[in-house]
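The values are calculated or read from the model by the stated rules, or taken from the named source; none is laboratory data. Computed from a predicted structure; not experimentally measured. Note that each Cβ is placed from the backbone with ideal geometry, even for glycine, and that neighbours are counted across all protein chains shown.
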Amino acid sequence: MPNPPPPRTPSGPRRRTLFASAAGAALLVGCSADPDSGGGGDTPSATERARARAAKDSAGLLARYDAVLAAHPALAERLRPLRAEVAAHAKAFGGTTATGSPSPTATGSPSPAASTATPQAVPATEKDALADLAAAERGLADRRTKALLDVPGELARLMASVAAAGAAHAYLLTEGAR
């Protein structure tokens, strides 16, 4: 009667070891990535600078929306929800924005958020204005995605979420222009 072959032992780490290592690493990263822990260094100031930059970028994008709405009031129904989200993004980063959207018929009075920024040049046609907004949304989403590596935990999650929303806005602005 032949003997059964000896049990084969797999090479490399076992599954339990990998799970335990991953859980331990997650705990260590979670503990060390807390920006509010006051752990010294320049991390809190770098975090605050990144947050302030993100708020400023959102305010600039909001000013673009306001300029397009002032130049092309017929786009108000389409742009109002996107503008409201951009205003919420600016507020989430700690910026201050106007709470309401500009009146679709007002052409000469920009919102308070737009009055603090430099005047925006708006393309003459609605299609070009939408393409310009889409490019601005896409560019800002790309910059925020690249900045994710330089910011800690909670701010990185917020920036990732806002970057994804910006990419979605760019898609909606581009697809609607077709």
### Task
Please list, ordered by first then second residue, the pairs with beta carbon atoms under 8 Å, 6 or more apart or interchain, first in the range 151-172 and surrounded by 17 or more Cβ atoms within 10 Å (Cβ to Cβ), second assigned to a loop (DSSP other than H, G, I, E, B).
PRO152/ALA33; PRO152/ASP34; LEU158/PHE93; MET159/VAL151; VAL162/PHE93
### Message
What pairs come out if I take residues in the range 55-81 that are without any contact (Cβ under 8 Å) to a residue 40 or more places away in the chain and pair them with residues that are part of a helix (DSSP H, G or I) and surrounded by fewer than 22 Cβ atoms within 10 Å (Cβ to Cβ) whose C-beta lies under 9 Å away, six or more apart or interchain?
### Response
LEU69/LEU75; LEU69/ALA76; LEU69/ARG80
### Query
Of the residues that make up the range 127-136, is at least one closer than 16 Å to LEU62 by Cβ, basic (Lys, Arg) and in contact with a helix residue (DSSP H, G or I) (Cβ under 7 Å, 6 or more places away or on another chain)?
no
### Task
Answer with yes or no whether ALA84 is in contact with a Gly (Cβ under 7 Å, 6 or more places away or on another chain) and at pLDDT 90 or above.
no
### Query
Looking at ALA46, ALA67, ALA20, which one is modelled with pLDDT of 50 or more, surrounded by 10 or more Cβ atoms within 10 Å (Cβ to Cβ) and more than 24 Å from ALA164 (Cβ to Cβ)?
ALA67
### Query
What residue, of ALA156, ALA160, ALA147, ALA170, is more than 19 Å from GLU48 (Cβ to Cβ) and assigned to a helix (DSSP H, G or I)?
ALA170
